[in-house]
Amino acid sequence: MAGEAGGAALGRAADKLFSLSGLFAVRKPKGPTSAAVLNLLKERLLAEAGVQTNGKKGNQVLKIGHGGTLDSAATGVLVVGIGKGTKMLGTMLAGSKKYTAIGMLGKATDTLDATGKVTEEKPYDQVTKGDLENVLQKFTGDIMQVPPLYSALKKDGERLSTLMKRGEAVEAKPARPVRVYSLSLQQFQPPLFTLDVECGGGFYVRSLVNDIGKALSTCATVQELTRTKQGPFTLEEHALQEDKWTIDEIAQSLELCTALLLGEPARKKLKTEHPGETTVICGDK
């Protein structure tokens, strides 16, 4: 009898899991890729529901994806679509995102962040807080930006970052228009500076910090990066910590987020965005 009761409970959990549909947000930790976080989330949910994946079966039975890659070294809001919610992820890519970034003056790396090899060092003593604040004005509004070589953008079906790690020659993608809604300096303690940025889709904070360094006649690289908001989802209010990656917590979050999305004003999709380059549905490599 106990076995039957346990089986019924697992059956209910599986039914509940496969009935989930919509968008919710998780807090991505520092270290794993966005795809790895999604795979872990999927594994946890299928295990809780008692569903045997048997290789690729897990990918087929649970439809799940995320709406915009976060660098492995970055933390923060990762919007997840489940069930029919995966079809809504494109709107997340097109919407605005907010980041807090800590940059370091005087050093440049091949990845444009702290994970890469140092490629250049320059003096930065001449840079004042006023200089930095003045330069930020140049990077606000509609600007042109060259994406990093280490990125999720693809060439011949493979990510540029994968090609770079293999040591293959990779040409930079051409500069493309991106939109910065707001950009402000929060702290300046040389060589470190902290920025808050709100931007549209297809924008790279690593490229921004690198370009700021050049504009100040030195160089700069990202030390820490946190996505604090994506669309209406904020890190503090909506992003589920890892201990809450459960069927019940996600079901509750989906209810809250449905109301949140209904209250979100529609934002016109910018011509500058390239959703196909950044959307990752679970199971894609």
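The values are calculated or read from the model by the stated rules, or taken from the named source; none is laboratory data. The structure presented is a predicted model; accordingly, all values stated were derived computationally and were not measured. Cβ coordinates were reconstructed from backbone atoms using ideal geometry, including for glycine residues, and neighbour counts include every protein chain displayed. For the accessible areas, the whole protein counts, side chains as well, though only heavy atoms, and no ligand, DNA or RNA atoms are used. Shrake-Rupley method; radii C 1.70, N 1.55, O 1.52, S 1.80 Å.
Checked across the range 112-121, the condition of being touching a residue at least 12 places away in the same chain (Cβ under 8 Å), open to solvent by less than 50 Å² (accessible area, probe 1.4 Å), part of a loop (DSSP other than H, G, I, E, B) and farther than 24 Å from Leu260 by Cα holds for at least one residue.
Restricted to the range 48-86, and to residues there that are touching a strand residue (DSSP E or B) at 6+ places or on another chain (Cβ under 8 Å), in a helix (DSSP H, G or I) and open to solvent by 60 Å² or more (accessible area, probe 1.4 Å), the residue that is modelled with the lowest pLDDT is Asn59. Within the range 232-245, residues that are in contact (Cβ under 8 Å) with a residue 12 or more places away in the chain and farther than 11 Å from Phe24 by Cα reach partners that are open to solvent by 30 Å² or more (accessible area, probe 1.4 Å) and of a type in the set (Val, Ile, Thr) with beta carbons closer than 9 Å, at six or more positions or on different chains, in the pairs Leu235/Thr75; Leu235/Thr226; Leu235/Thr228. Evaluating Asp131 against the criteria (1) in contact with a strand residue (DSSP E or B) (Cβ under 6 Å, 6 or more places away or on another chain); (2) surrounded by fewer than 19 Cβ atoms within 10 Å (Cβ to Cβ); (3) part of a helix (DSSP H, G or I) leaves one unmet condition, (1).
Scanning the range 138-155 for residues that are at pLDDT below 95 and open to solvent by 60 Å² or more (accessible area, probe 1.4 Å), we see that the one that is farthest from the chain's Cα centre (by Cα) is Lys155. Among the residues of the range 87-107, those that are at pLDDT 95 or above, surrounded by fewer than 22 Cβ atoms within 10 Å (Cβ to Cβ) and over 13 Å from the mean Cα position of the chain (by Cα) comprise Ile102, Gly106, Lys107. Select from the range 184-214 the residues that are modelled with pLDDT of 95 or more and of a type in the set (Ser, Thr, Tyr) and write down the one among them that is most open to solvent (accessible area, probe 1.4 Å). The selected residue is Ser184. Taking the criterion of being hydroxyl-bearing (Ser, Thr, Tyr) and either part of a loop (DSSP other than H, G, I, E, B) or closer than 17 Å to Leu149 by Cβ (or both), the only residue of the range 229-255 that qualifies is Thr246. Cβ separations smaller than 7 Å between residues 6+ apart or across chains give the following pairs from the range 70-96 residues that are more than 19 Å from Thr258 (Cβ to Cβ) to residues that are buried (at least 22 other Cβ atoms within 10 Å of the Cβ) and charged (D, E, K, R): Leu70/Lys28; Leu70/Arg227; Asp71/Asp113; Ala73/Asp113; Ala74/Arg227; Thr75/Lys28; Gly76/Lys28; Gly76/Arg227.
Thr226 meets all of the listed conditions (1) assigned to a strand (DSSP E or B); (2) at pLDDT below 95 but one, namely (2).
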